[in-house]
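Taking it in order: structure first as structure tokens, then the write-up.
The values are calculated or read from the model by the stated rules, or taken from the named source; none is laboratory data. None of the values given here were measured: they were computed from a predicted structure. All Cβ positions, even for glycine, are placed from backbone atoms using ideal geometry, and neighbour counts span all protein chains on display. The area values use the complete protein model at the heavy-atom level, side chains included, leaving out ligands, DNA and RNA. Shrake-Rupley method; radii C 1.70, N 1.55, O 1.52, S 1.80 Å.
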Amino acid sequence: MIEVKRLGLTILLSLMFVLNGVFAQASTGEWIAAGGDATNSKYSQLTAFSRGNADQLYQDWFLPIPPSRAGTVQGITHPILIKYGVGYAVTNGYLVISFDMRGGKIFWTVELQPPNPLNPNIISERLAHIYQAMLLKSGDDELLAVGTSWQRIYLLDAFTGRQVHSIDLLTQGENVDGNIGKYGGIPVNFAYDSRRRILVVGASVPDSVDAGRGFIDGYAVGREGVRKLWRTFLMPPQTQQNPDWSLNFVKKTANAWMMDGDKVIDLKTLDETTLKNILLNDWSANDGPPKAGVTAGWMNGWAVDETTGIVYVSTSSPSPSLEAGGRIGPNLPSSSVMAVKVETGEVLWVFQAIPHDIWGHGCNGGVALLNDLLLALCGNGVLYALNKNTGQLAWMFRPPALPRSKPSTSLSPLNKDQMATQYLGQSQDSKEVIIAPPPQALLSFATNPRSGRVFYAVPIYSEKFTSPLQKTGRYQSFSKQADIVLYSIETSTGRALWEKKIEAVGSAFLSAASDIVFLTSSAGWFYILSESDGSIVYSKQNIGTAMTNPSIGVDVEGNPRLLLLFSTVDDPGYMVSLRLLALDNESLGTAVITEHTTITRTVTFAPDLRQPQNAGLIILLATITAAASVTVFWFAKRSKKSQTE
């Protein structure tokens with residue numbers, strides 16, 4: 001009987017997928033990763049939502065998010081995924097949810113469990129701010145990929161939630177080459193090249209003195225299973241001193257760049273003496289191996305150029321982030337962006353934005369491809385635009401409204417004393433340290449490839465610390481009282497076209513479509529703004545606390561929908577579906593959005609049979625429904641017969 005039910009669910013979802021192909025353009029109605037697509041653009045190709053009709057949005061349905069188990073983080077921190085009219089979400093307690101975009105009806109749920117036993121080098125806590133989940137296709141398989149803090153990626157059947165494959169970055173009993181530290185604490189980040197069917201995954205490490213040796217892996221995904229292709233390390237071994245490691249890392253690349261204040265050093269053009277002065281003994285601690293680790297960027301997505309087979313990977317600040325006594329030098333390639341060949345793991349170029357990062361900034365704001373540029377947002381608040389082929393800096397945008405840190409947020413890689421700084425404020429008399437943006441602040445940007453613009457929201461606030469700084473244990477930093485400034489930037493020049501200050505919205509999270517920008521916030525505001533001048537065309541107050549950007553897609557009937565998530569680490573919250581006012585053949589209930597209020601509506605589906613496409617729709621529906629019914633009946637009868645024999 002279980003098999004019959006599973007068959008029925010598969011037929012139902014398959015029917016939905018067929019109908020979606022009939023009524024909607026799936027490629028424009030999907031949101032398959034945190035950034036929407038492989039380029040991480042946070043842009044939807046749907047043109048249904050626009051400045052002209054944004055005020056016609058209403059709440060279609062409301063779905064409470066199930067609470068996580070006691071002792072775990074609540075809510076959902078990644079954007080809802082959308083494909084074939086089905087929505088997918090993963091709570092921070094690792095509950096995976098599949099639901100119908102039309103009304104929020106849940107198809108299936110699966111709670112993920114850690115391997116038992118875990119590799120002893122993986123910390124066992126279930127802390128999980130999940131910022132990346134992904135829908136991917138391998139051959140005929142439709143898969144949902146979910147990364148976990150225990151260094152495993154689950155590949156689930158998108159139809160049923162059944163586990164198809166799993167990828168363990170550290171198998172039971174495996175010792176990572178050159179590692180003496182720990183892994184875990186936050187979920188792994190990853191990207192997927194659908195043409196080559198290769199998944200690129202970055203290991204995560206705790207922000208502590210026992211952090212592990214960072215690396216990224218490449219895995220081939222096929223029907224027969226998952227096969228590891230390569231491993232590329234992000235730092236020297238922790239087991240023995242390797243003074244030439246960063247030198248050799250740079251020599252193997254085609255291009256290598258390093259920021260020095262507002263200037264860029266081209267490492268490939270330096271003479272041998274100067275290059276050694278910068279990179280020799282990089283990462284070392286008291287002339288010994290490093291006492292530090294590093295994570296591949298974890299808070300936002302990476303970007304893949306599926307034409308060239310290159311993945312663009314960001315990296316975090318070294319760990320521990322606020323104590324650098326165990327890692328002198330620029331610590332290349334931490335707080336950086338890299339171009340990596342997905343088939344081999346070869347690093348083609350590297351751009352280090354923050355040498356010897358002692359602010360805990362990293363480059364976790366995400367990377368996105370926009371035409372010939374790679375956009376990278378780092379925790380220092382600077383948005384970098386790089387040539388995607390070489391990594392050379394085209395321009396950088398430092399928000400004028402952002403307060404200045406004290407002391408300065410840059411150290412010179414040409415100054416050995418600065419590269420040996422153990423903690424922020426070490427060389428100043430005052431013990432007061434001001435960091436803006438604060439460590440691990442939530443920054444957000446979205447792009448519009450059609451207009452060549454990038455939209456960047458930065459919270460205007462800072463935090464004061466007493467030197468030496470101590471790790472607080474927080475994994476995110478935002479103020480609900482902070483103002484934000486939203487910038488529209490011309491990507492061809494890096495020039496700000498307009499700026500919009502919005503008061504007391506805290507941190508903001510952006511997506512874009514057509515000629516508008518969607519903005520959710522940690523203070524409960526939701527805005528839609530015009531791309532042309534930043535004017536507000538739609539707003540709602542007290543709609544809910546957000547920790548991620550909106551998703552845009554279509555349901556199985558081709559209706560465009562805007563999906564919003566409202567939750568916190570302490571409150572599971574809820575998701576809301578917004579859509580445009582219906583046609584004359586639908587009658588609506590109340591269209592008011594209030595926090596923790598369920599809105600009901602009545603819909604009468606009355607297609608006009610005078611239209612040829614609608615007549616064809618009825619015939620197609622009747623045919624497929626009849627075939628599905630006969631199939632289910634036949635399997636049920638066969639199952640019953642087999643039980644009596």
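Please state the shape class of segment 265-364: rounded when a/c is under 1.5, otherwise prolate if a/b exceeds b/c and oblate if not, all from the C-alpha gyration tensor. The shape class here is oblate. How big is D for segment 309-380, in µm² s⁻¹ as a whole number, if Stokes-Einstein is applied with the Kirkwood radius of its Cα pairs at 4 °C and 1.567 mPa s? Estimated diffusion coefficient is 103 µm²/s.
Taking a quarter of the surface of the convex hull around the Cα atoms of segment 372-447, what do you get in nm²? Let's see the in-between values first.
Numbers: hull surface 26.8 nm².
Averaged projected area of segment 372-447's Cα convex hull equals 6.7 nm².
Residue ranges 201-209, 139-147 sort as 201-209, 139-147 when ordered by packing (mean number of other C-beta atoms within 10 Å per residue, highest first). For segment 207-257, the extents of the C-alpha atoms along the principal axes are 43, 33, 19 Å, listed from largest to smallest. When every Cα-Cα distance of segment 170-292 is counted in 10 angstrom steps from zero, the calculated P(r) takes the values 11, 32, 34, 19, 3, 0 percent.
Taking the protein heavy atoms of segment 492-558 in the context of the full set of protein chains, the accessible area attributed to carbon and sulfur is 39 percent at 1.4 Å. Percent of C-alpha pairs per 10 Å bin in segment 273-312, short distances first: 22, 25, 28, 24, 1. Take the Cα of Glu272, step 7 Å toward its Cβ, do the same at Ala420, and the gap between the two points is 2.5 nm. Could you list log10 I(q)/I(0) for segment 84-123 at q = 0.14, 0.25, 0.30, 0.34 Å⁻¹, which the Debye formula gives when each Cα is one point scatterer? With one equal scatterer per Cα and no solvent, log10 I(q)/I(0) is -0.44, -0.82, -0.99, -1.08.
Here the peptides 296-303, 574-581 are ranked by packing, the mean other Cβ count within 10 Å, and the order with the highest first is 296-303, 574-581.
Given a Förster distance of 56 angstrom, what is the FRET efficiency for Ile180 paired with Trp395, based on the Cβ-Cβ distance and rounded to 0.05?
Numbers: r = 41 Å, r/R0 = 0.73.
According to the calculation, E is roughly 0.85.
Using Cα-Cα distances under 8 Å and only pairs 6 or more residues apart, what relative contact order does segment 235-276 have, in percent?
Contact order relative to length: 27 percent.
Annotation: extensible slack from Asn371 through Arg495 equals 42.9 nm (criterion: 0.36 nm per residue apart, minus Cα-Cα distance).
At an R0 of 60 angstrom, the distance between the Cβ atoms of Glu346 and Ile106 translates into a FRET efficiency of 0.90. Computed extension gain for Glu463 through Thr568, at 0.36 nm per residue and net of the alpha carbon distance, reaches 35.7 nm.
This model, with +1 at the C-beta of Lys and Arg and -1 at the C-beta of Asp and Glu, gives segment 143-235 a dipole about its Cα centre of some 340 debye. If you wrap the Cα atoms of segment 180-243 in a convex hull and average its projected area over all directions, you get 5.5 nm².
For segment 58-216, report the translational diffusion coefficient in µm²/s to the nearest whole number, using Stokes-Einstein at 20 °C, 1.002 mPa s, and a Kirkwood Rh over Cα pairs.
Translational D for this selection: 130 µm²/s.
In angstrom, the C-alpha Rg and Dmax of segment 301-445 are 15.5, 53.
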